[in-house]
1. Testing T168 on (1) at pLDDT 90 or above; (2) under 28 Å from S110 (Cα atoms); (3) of a type in the set (V, I, T), one condition comes back false. Which one is that?
2. What number of residues within the range 107-163 satisfy the criterion of being free of Cβ contacts under 8 Å to residues at least 24 places away in the same chain and closer than 13 Å to G220 by Cβ?
Amino acid sequence: MAKKRLTASNVHSTKSRAQSATIIPGRGDAIHMASRSDVSFYRDLLHKRVVDCDGDPVGAIQDLAAGLPHAAPGAPAIQRLVIRPHRVRRGTPGPGPSESLVLPWELVESLEPRCIRLRQARTELVPSSLEAGQILLRKHLMDQQVVDCRGLKLQRVNDIAMGFSDGTLHLWGMDTGMRGFLTRLDDRWGLLRLLRPLTSRLHQRLISWDLVERVEPARGHIRLRLSRDEVRTAIRRAPASAA
């Protein structure tokens, strides 16, 4: 039985229809989607199921790899999916249960409410590999210490704000405030609905990637190019993002 496919008429980029699938434009799809900056790494991507083009399970998102902050102009783009493979029967080709499956971002067909859909069948997937210098969002950024240009400690990263631009997922900034923390509580215990009146008044403390000087995985630091006072001023001047 043929599966129902999303068409341009039922794909929306507005927040009110955020639960509909996000078709990745520019890859054989005659669909244009406006830029979005409301994607949360923790809420929308981490641990999310990955399925192939036929809906068969591939695994779950274990991490995402992005390019270096200043390797190219603009915000770093997601380049690799790091997937914890779905357990399959013995004799089936694919990585072992303890091995991660690394795939290029170009294989993503759509982001759906309950899964990430790939554009190939599981048996046709060709594993990729991580490149030297790529940033792993969960390993190198989440819960890591943000420091200013002089090494003074600021906050730790609670979540990572991301958004689409021309079919590519970019890192917009790091959420170091209470809103990012509550997002994680909601994922674990479903408390955000109870605290929604409070969270709606909370300002998202987002440190833009434009302020990042370098990532220091060995020290667990994310070093900014501004002083602590300059960072606070930059955050105050930044426009409030959508909740």
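The values are calculated or read from the model by the stated rules, or taken from the named source; none is laboratory data. All values reported here derive from a predicted model rather than from experimental measurement. Note: ideal-geometry Cβ built from the backbone for every residue, glycine included; neighbour counts use all protein chains shown.
1. Among (1) at pLDDT 90 or above; (2) under 28 Å from S110 (Cα atoms); (3) of a type in the set (V, I, T), T168 violates only (1).
2. 3
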